[in-house]
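The numbers here are math on the coordinates, done by the rules we state, and not lab data. If you're wondering where the values come from, they're calculated on a predicted model, not measured in any experiment. A quick note on method: Cβ atoms are made from the backbone with ideal geometry, for glycine too, and the neighbour counts reach across all protein chains shown.
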Amino acid sequence: MKGKEIPFTKDQIEKIIEKHPTPFHIYDEKRMVEYANYFVDAFSWNEGFKEFYAIKAAPNPYLMKVLRNQGFGIDCSSMAELVLAEKVGMRGEEIMFTSNDTPDYEFQKAVELGAIINLDDISHIDYLEKSASMPELVCFRYNPGALKGGNIIIGNPEDSKYGFTREQLFEGYKKLKNKGVKRFGIHTMVASNELDSDYFIETAGIVFDTIVDISKEVGIHFEFANLGGGIGIPYKNEHKPVDLIKVSTGIKDLYEKMIVANNLAPLKIFFESGRAITGPFGYLVSKVLHLKETYKKYVGLDSCMANLMRPALYGSYHHITVMGKENESCNSLYDVTGSLCENNDKFAINRLLPKIEVGDIIVMHDTGAHGHSMGFNYNGKLRSAELLLREDGSVKEIRRAETLEDLFATLDFDGLDNFKV
Ligand SMILES: Cc1ncc(COP(=O)(O)O)c(C=O)c1O
């Protein structure tokens, strides 16, 4: 079986399972930190460069603490994510607040924390001012519409609910200027899980072009361009990771030609990647509970869609390793399933794997982003624990598994006695 990298041996994971029963997600701190350094180094030419980790990808304070130590900020899009940032000790311009359809109390919290506020719509200028106050630094999310193609996860920019049109940007920045706003940023996020390096360079070009035009017409200086998230990861063996050096070199070239040449430097480059930062370094570890043979062969795991929804939601591919059978040939065809009462609760359909036995340890790769965090409780399934494999080989439980008490905490069973029917 052709392998992907795994940071533990069968013996090691068996020892971990003795203490932490399956299913669980486990994250590899060493490789996560190495990637974080590679990301920051790739853009070292740009003074003030910052990656704001999109915390929705893996909202765990321990992971955030590791990433903050590498100089990362945090990208939040909800009240819970803002509070999480606060609990990690993050404040001010370490936080980017990129939300949409935002309620007033979230703007209030973002302003209270001093976060950089990224508005999704022109009507939110007045709404922000009314519900909280107008900060001195404001950013708009740009939706370039037909200028950019989309993909299956995020859709076509023109059909996407996010962001301002180009015309609205001009109007919006003029309005901010008239309201006395002094500092400006621009943001765009038009791709998700994109593996083509040129895509990010092209996006930067579109944003830089917009900056040139708006700066001239409105007479403002942009402090930063946030190029969003969306950097893809090689879920399949044949995929190649995005070459960040190539992306950075291409963006630098455009920066010289468009930003420096128009006297618009310095301009800080920001990203708010989630998937690329933690995705490849997380693994969902499960055990085989049942084998079933009807019209097809099924492998039933002790995990389900509550632990990893991406295959059911988008038909996404996650590579599977059967621990200890890495060198066996893959000549058994299986659907690998969970236990939800939904037929799409399948991690893999028609997947060729080594012959599987009950009790085998199954490792699902690349679950470190949009994995545990997308979990849900349908059928009363409980979300699993999260573990961190530390650089010294030790294991820290960074989130315990949910219990039935957690699940029922919002129900008032005592009230049943007085409830007459
Ligand atoms: C506004 C915003 N920023 C960043 C991200 C992170 O995207 P990714 O994890 O693909 O890098 C998302 C993903 O949904 C997003 O909606």
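Taking Cα atoms, how many degrees apart are the long axis of helix 197-218 and the longest axis of the chain, rounded to 10 and kept between 0 and 90? Value to nearest ten degrees: 30. Extending 7 Å from Cα along the Cβ direction at residue 378 and again at residue 177 yields two label points whose distance is 5.0 nm. If R0 equals 60 Å, the separation of the Cβ atoms of residue 91 and residue 349 corresponds to a calculated FRET efficiency of about 0.85. Near the amide H of residue 51, within less than 5 Å, lie the amide hydrogens of 73, 271, all on another chain or at least 5 residues away, with H placed in the peptide plane.
Computed over the chain, the per-residue total of -39500 (n - 2.57) for DSSP H runs of n ≥ 4 gives a 222 nm mean residue ellipticity of -8500 deg cm²/dmol, rounded to 500.
Note that the chain carries a Kirkwood radius of 23.0 Å, evaluated over its alpha carbons pair by pair. Stretching residue 12 away from residue 166 to a fully extended chain increases their span by 50.1 nm, per 0.36 nm per residue minus the current alpha-carbon distance. Between residue 30 and residue 245, the contour length at 0.36 nm per residue exceeds the Cα-Cα span by 75.3 nm.
Expressed as a whole number of Å, what is the distance separating the alpha-carbon centroids of the stretch 1-40 and the stretch 306-344? Answer, in whole Å: 18. The GluC sites (Glu not before Pro) of the stretch 1-105 that meet both conditions, a loop assignment by DSSP and at most 16 other Cβ atoms within 10 Å of the site Cβ, are 5, 47. The antiparallel fraction among DSSP beta bridges confined to the chain stands at about 40%. Note on residue 257: aspartates and glutamates with a C-alpha under 20 Å away, same-chain residues under 8 apart excluded, are 47, 198, 202, 209, 213, 217, 223. Dividing the mean sequence gap of close Cα pairs (under 8 Å, 6+ apart) by how many residues the chain holds gives a relative contact order of 19 percent.
Can you pull the percent of Cα pairs in the stretch 281-408 with separation above 24 Å? It works out to 28 percent of all Cα pairs. Packing, as the average of other Cβ atoms within 10 Å across residues, places the peptides 227-233, 104-110, 7-13 in the order 227-233, 104-110, 7-13, highest first. If a spin label sat at a point 7 angstrom from the Cα of residue 314 along the line to its beta carbon, the backbone N atoms of the stretch 48-66 nearer than 17 Å would be those of 54-59. Give, as a single signed number, the net charge of other residues whose beta carbon lies under 10 Å from the beta carbon of residue 375, with Lys and Arg counted +1 and Asp and Glu -1. Net charge in that neighbourhood comes out at +1. Using R0 = 25 Å, the C-beta based FRET efficiency linking residue 130 and residue 217 works out to 0.40. About its Cα centre, the chain has a charge dipole of approximately 400 debye under the convention of +1 per Lys or Arg Cβ and -1 per Asp or Glu Cβ, with nothing else charged. Take every pair of alpha-carbon atoms less than 8 Å apart whose residues are at least six positions apart; their mean separation over the length of the stretch 29-278 yields a relative contact order of 20 percent. Can you give the angle from 0 to 90° between the axis of helix 244-254 and the longest principal axis of the chain, with both taken from C-alpha atoms, to the nearest 10? Helix 244-254 sits roughly 10 degrees off the main axis of the chain. For the pair residue 332 and residue 158 in one chain, pulling the backbone fully straight at 0.36 nm per residue adds 58.3 nm over the alpha carbon distance.
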